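First the structure, which I've put down as structure tokens, then a few questions once you've had a look.
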Amino acid sequence: MIRKYIYGSPVNTGAIVEDIPLSEGNPLYGCVESTSPFCWHYSMNSDTKIFGLGEAVRGMNKRGYCYESWCSDVPRQDEGTKSMYGAHNFFIVKEKSSKESFGVFFESASRLTFDFGFTDYSDILVSCKDTGVVLYVITAEENRGKETALSNITRQFRRIIGQSYIPPFWGFGYQQSRWGYKTEEDVREIVNKHKEYKLPLESVCLDIDYMEAYKDFSVDKKKFPDMKSFARELKDEGIRLIPIIDAGVKLLDGYDVYDEGKEKGYFCKKADGKTDYVAGVWPGRSCFPDFLRSDVRAWFGSKYKNLTDLGIEGFWNDMNEPAMFYSDESLAAAFEKLETFKGKNLDINTFFDFSSVSGSTFNRLDDYQRFYNRAESLDGQEKPMRHDTVHNLFGGKMTQAAGEGLKALMPEKRCLLYSRASCIGSHRYGGIWTGDNNARWNHMEQEIKMLPGLNMCGFLYSGADIGGFAELTTEDLMLRWMALGIFTPLMRNHSAWDAREKELYRFSQKATDAFRSILQLRYALLPYIYSEFVKAALTSDMFIRPLSFDFEDDERSLECQDQLFVGQSLMIAPVYKQNENGRMVYFPEPMLQLTWKDGKLISQKKIAKGDHYIAQPLDSVVFFVRKGKAVPLFEPSMNTAALKHDKYQLAGKGKYELYEDDGFTSDVHLEGRIRILK
Ligand code: MIG
């Protein structure tokens with residue numbers, strides 16, 4: 001059952017695709033203590049748990065900290081980080097009795113704060129100072145059969161926000177990326193090295209250096225003299241290029257995208273409603289398309305044609321929180337401030353003041369208050385809104401622009417698309433990667449804990465930069481993280497230009513051999529992953545689930561935060577601590593332990609329900625088939641183009657219903673597409 005309530009004057013975020021009648025009175029759960037500013041309060045019991053909130057740090061159970069939905073460019077995020085790149089305002093309050101558990105979605109374009117027992121361990125407080133909120137309260141259906149309340153509430157929510165984006169089959173292949181591949185030669189070397197070391201490879205991402213002067217939709221001819229034939233040459237070997245597109249458009253007369261945007265008035269404006277807002281990003285001074293407008297989305301989306309004409313079928317959208325290095329205003333203020341230090345004897349206070357000046361221009365709230373978006377109110381009226389009050393829609397609407405644009409350009413084909421910033425609603429158009437993480441063990445742990453929340457909020461196609469984006473990764477961290485990464489739909493090894501080089505052949509020979517074997521498992525599992533992913537998207541299910549979503553009356557499952565179900569048949573329990581060769585694993589039901597090494601299944605072993613120490617050597621992948629389930633393992637291949645769909649072995653019990661299609665079709669449905677594997 002879903003109830004809907006409106007407070008204040010929220011804008012239409014586009015998150016909801018179903019008509020839901022308005023309910024009267026107070027919300028079914030919790031209490032709205034004030035409407036302006038909005039504040040919702042709920043009193044928790046001692047064992048109340050909170051699941052959800054999508055892209056957010058800390059545990060799967062979010063109780064005990066405070067979060068803010070405010071799409072942020074947050075390199076060096078950690079346990080203290082309140083806001084990540086996405087704004088995903090859905091969570092479930094899990095009470096002991098499933099009748100008293102409920103889900104809440106706070107639909108809003110504005111900043112929300114979630115105090116989950118932070119001020120007082122027994123209170124949840126959700127507040128919004130800006131526009132307003134449409135509140136949805138979801139309770140479990142009574143006739144849900146064996147489904148848990150957690151899973152049922154999530155499914156109902158997923159239905160009202162619409163079907164999750166489904167990438168093409170090749171989007172599940174292994175992506176190699178680094179900010180630093182500059183030229184055709186660089187990319188060719190990456191491809192050749194993977195071949196030389198017999199490492200499977202599906203695609204290579206192109207970071208900002210492929211562009212000419214960081215101009216969106218341009219290609220630097222000096223670095224890629226003939227991108228079209230290069231893309232063709234790679235595609236003939238089953239490898240695709242995935243270029244980056246940034247949110248900011250370089251301010252440069254004579255650059256067609258800028259000229260058009262300026263002339264048609266497509267860029268975000270200052271308070272006067274006329275002057276284009278300017279801020280500095282990669283290309284220097286830039287303007288920002290107002291993605292909240294449908295005409296601007298259609299325009300920007302059509303620009304992807306420059307690259308699809310060259311044979312490109314996949315993109316990643318970056319810096320769309322939007323990230324801003326400086327504005328004209330904040331830069332002027334910083335220079336002025338710097339002047340005041342000139343000739344002074346800097347002591348402890350003034351020195352720290354002085355050293356913070358240059359960083360002070362970065363992603364400033366007052367800069368977000370200097371420009372406007374045209375947003376739609378609930379009655380369909382378009383009006384200018386100060387950016388900070390609708391900030392959380394910007395990145396997601398850029399994804400929508402790209403998703404709709406690519407669909408218009410290639411109606412018969414699904415394209416690959418993922419973004420850094422997001423909001424609920426944009427899960428229908430693309431996936432996300434979880435931004436600039438670090439080469440740290442606790443960031444791998446963070447990914448394990450974040451995946452369920454992302455799945456609850458519709459972001460099935462997601463994953464982290466494997467091995468960490470920044471800093472110095474290590475061979476063992478890469479091995480462990482790869483063993484996790486092969487189970488995430490988006491599987492990408494990406495790093496910063498100054499991070500340790502971490503293509504899989506950069507480590508010891510032993511490690512390279514192990515990486516090969518791990519990647520082979522990815523390709524062996526790929527048809528299963530694709531099949532489970534499509535089924536999850538079509539039935540509003542989660543692809544990755546915590547144990548609690550299937551065993552909500554089992555206290556141990558409810559508390560388990562570092563094991564995951566992957567599709568219906570598998571469970572994983574990744575090792576995420578350095579120098580540990582295994583770990584304790586909790587089995588809520590008997591399972592079959594599979595060990596993969598040297599590119600093949602080397603053992604299958606029955607495990608009883610309960611706790612077991614499971615050894616997981618660095619060069620192996622250990623995973624589990626659930627009770628009564630089966631998983632097909634196909635013959636490993638070098639990429640999806642080379643996959644042989646008829647060569648497989650089945651592990652576990654019974655049969656597996658494999659969803660199959662041509663890997664591209666935009667018409668995705670289950671009927672007539674299931675092959676029974678026995
Ligand atoms: O401020 O394009 O998260 O993946 O390599 C850095 C360069 C801009 C941030 C992205 C990262 C990408 C980088 N970008």
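Readers should treat all values here as calculations from the given coordinates under stated rules, not as data from a laboratory. No experiment lies behind these values; they were computed from the predicted model shown. Cβ coordinates were reconstructed from backbone atoms using ideal geometry, including for glycine residues, and neighbour counts include every protein chain displayed.
For the peptides 306-319, 179-192, what is the packing order when you average, over each peptide's residues, the other Cβ atoms within 10 Å and list the highest mean first? Kindly include the intermediate steps, with their values, before the conclusion.
Working: 306-319: 21.6, 179-192: 16.3.
Result, highest mean Cβ count within 10 Å first: 306-319, 179-192.
Separate question: Normalised by the residues of the stretch 159-260, what does the relative contact order come to in percent, with Cα pairs under 8 Å and at least six apart? Walk me through the intermediate numbers first.
On the way: 111 pairs, mean separation 25.8, N = 102.
It comes to 25 percent, rounded to a whole number.
Mind putting a number on the dipole of the chain about its Cα centre? Charges go on the C-beta only, +1 for Lys and Arg and -1 for Asp and Glu, and I need it in Debye to the nearest 20. Don't skip to the end; give the middle numbers.
Numbers: 87 positive and 96 negative charges, 333 e Å.
Rounded to the nearest 20 debye, it is 1600 debye.
Moving to a separate point now. Work out the FRET efficiency for Asp295 and Val357 from their Cβ-Cβ distance, taking R0 = 41 Å, and round it to the nearest 0.05.
Numbers: r = 40 Å, r/R0 = 0.97.
The formula returns an efficiency of 0.55 here.
Right, here's the next one. Filter the GluC sites (Glu not before Pro) in the stretch 345-444 down to the DSSP loop ones having no more than 14 other Cβ atoms within 10 Å, then list what survives.
Glu412
In what sequence, highest mean first, do 228-235, 666-673 appear when ranked by Cβ atoms within 10 angstrom? Display every interim value, and only then the final one.
Working: 228-235: 15.8, 666-673: 10.5.
Ranked from most to least packed, the peptides come out as 228-235, 666-673.
Under 13 Å from the Cβ of Glu141, count the other residues' Cβ atoms, weight Lys and Arg +1, Asp and Glu -1, and hand me the total.
On the way: positive: Lys99, Arg144, Lys146, Arg155, Arg159; negative: Glu142, Glu147.
Net charge in that neighbourhood comes out at +3.
Filter the GluC sites (Glu not before Pro) in the stretch 74-123 to those in DSSP coil with at most 13 other Cβ atoms within 10 Å of their Cβ, and list the result. All intermediate terms of the calculation are to be shown ahead of the outcome.
Values: sites: Glu79, Glu95, Glu100, Glu107; in loops: Glu79, Glu95.
Within the stretch 74-123, the qualifying GluC sites (Glu not before Pro) (loop, at most 13 other Cβ atoms within 10 Å) are Glu79.
Let me ask another. With the crude spin-label approximation of a point 7 Å out along Cα→Cβ, what separation in nm comes out for His645 versus Glu412?
Distance between label points: 1.7 nm.
Name the trypsin sites (Lys or Arg not before Pro) in the stretch 269-377 that are in a loop by DSSP and that have at most 14 other C-beta atoms within 10 Å, would you?
Working: sites: Lys269, Lys270, Lys274, Arg285, Arg293, Arg297, Lys303, Lys305, Lys337, Lys342, Lys344, Arg364, Arg370, Arg374; in loops: Lys270, Lys274, Arg293, Lys303, Lys342, Lys344, Arg364, Arg370.
Filter output for the stretch 269-377: Lys270, Lys274, Lys342, Lys344.
Pop a pseudo-label 7 angstrom from the Cα along the beta-carbon direction at both Glu559 and Val668 and give the gap in nm to one decimal.
Going by the 7 Å Cα→Cβ label model, 3.8 nm.
Tell me the net charge near Phe354. Cut-off is 15 Å between Cβ atoms, Phe354 excluded, with +1 for each Lys or Arg and -1 for each Asp or Glu. Walk me through the numbers on the way to the answer.
Values: positive: Lys337, Lys342, Lys344; negative: Glu336, Glu339, Asp347, Asp353.
Result for the local shell: -1.
Find out how many positive minus negative residues lie around Pro574, taking Lys and Arg as positive, Asp and Glu as negative, among other residues whose Cβ is under 12 Å from that of Pro574.
Details: positive: Lys449, Arg480, Lys577, Arg583; negative: Glu445, Glu447, Asp562, Glu580.
Surrounding charge for Pro574 is 0.
Show the residues, 5+ positions off or on another chain, whose built amide H is closer than 5 Å to the amide H of Trp70.
Met84
A follow-up question, please. Calculated FRET efficiency, Ile6 and Lys305, Cβ-Cβ r, R0 25 Å, to nearest 0.05? Working shown, then result.
Numbers: r = 39 Å, r/R0 = 1.58.
Once rounded, the FRET efficiency stands at 0.05.
Also, I was wondering about something else. So for the stretch 440-572, averaging the separation of alpha carbon pairs under 8 Å that are six or more residues apart and normalising by length, what relative contact order in percent results? Walk me through the numbers before you get to the answer.
Details: 170 pairs, mean separation 31.7, N = 133.
In percent, rounded to a whole number, it is 24.
Under 8 Å for C-alpha pairs, at least 6 residues apart: give me the relative contact order for the chain, rounded to a whole percent.
Working: 1608 pairs, mean separation 96.8, N = 678.
Relative contact order, the chain: 14 percent.
Using a cut-off of under 11 Å, list every residue of the stretch 574-595 whose amide N is near the label point 7 Å from the Cα of Ala615 along the Cα-to-beta-carbon line.
581-582
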